[in-house]
1. Mind listing whichever residues of the stretch 96-153 are at pLDDT 90 or above, within 13 Å of the chain's Cα centre (by Cα) and on the phi > 0 side of the Ramachandran plot?
2. Before we move on, is E108 surrounded by fewer than 23 Cβ atoms within 10 Å (Cβ to Cβ), assigned by TED's automatic domain parsing to the domain that holds R165 and among the acidic types (D, E)?
3. Scan the stretch 2-20 and tell me whether some residue there is at pLDDT below 95, surrounded by 13 or more Cβ atoms within 10 Å (Cβ to Cβ) and either within 13 Å of Y119 (Cβ to Cβ) or among the hydroxyl-bearing types (S, T, Y) (or both).
4. If you check S118 against the conditions, is it out of contact with any Leu (no Cβ under 7 Å at 6 or more places or on another chain), surrounded by fewer than 13 Cβ atoms within 10 Å (Cβ to Cβ), in the same structural domain as D153 (by TED's automatic domain parsing) and of a type in the set (S, T, Y)?
5. Scan the stretch 79-101 and report the pairs whose first residue is over 21 Å from A167 (Cα atoms) and whose second residue is in a helix (DSSP H, G or I), with Cβ atoms within less than 7 Å and a gap of 6+ or a chain change.
Amino acid sequence: MKKSLEKPNIINVEVVACSQLFTIEAVDLTFSNGVRRIYERMKPCDHEAVMIVPILGYNLILIQEYAVGLDSYQLTFPKGRIDFGENAFEAADRELKEEVGFGAARIEVLGKLTMAPSYFSHRMTIVVAEGLYERKLQGDEPEPLIIYRWPLDNLLELLNKPDFREARNVSALFMVREWLVSQGRLNY
């Protein structure tokens, strides 16, 4: 077994750029072998997010929403920020009500993901939601979201959709597939 590496020593952190949404930091550090480098990263944030994989009957529920980074509409699972004072379950239930118009009687954690950890500290909890019941809350979306039902027995066909490419969605799809198999509800 290999010896674990010693974390680099951070010499200095300096803000190099700011926008309304992002703060970029230059991180000056020295590695245990003496090599010194400056890396850039987004300023770490304590806020986490949640992505919900809702199951209604024999279907997944997805939404279509605008993604400004791609300048296109994307097919995605509902997701959002975990607000202060909320846990992942409460945030998942709230986001589901805001974006899809359903609450969930059962929510189970499938796993946690990071996104581009060389640049971001972003963490996202992936949950599955079942026992859905109608309940709508006002959300912060600028336009109504289009809701899609996707059959569980055709799960992996989502990977062929050109508007379903975002890595967190693909990861969540495989997580829920493994969860469904472990529940004896899907055979692969």
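1. Within the stretch 96-153, G111 is the sole residue that qualifies.
2. Numbers: surrounded by fewer than 23 Cβ atoms within 10 Å (Cβ to Cβ): yes; assigned by TED's automatic domain parsing to the domain that holds R165: yes; among the acidic types (D, E): yes.
The answer is yes for E108.
3. no
4. yes
5. Matching pairs, first to second residue: D83/A91.
The values are calculated or read from the model by the stated rules, or taken from the named source; none is laboratory data. What you are looking at is a predicted structure, and each value in this text was computed from that prediction instead of being measured. When we count neighbours, we look across all protein chains shown, and the Cβ atoms used for this are built from the backbone with ideal geometry, even at glycine.
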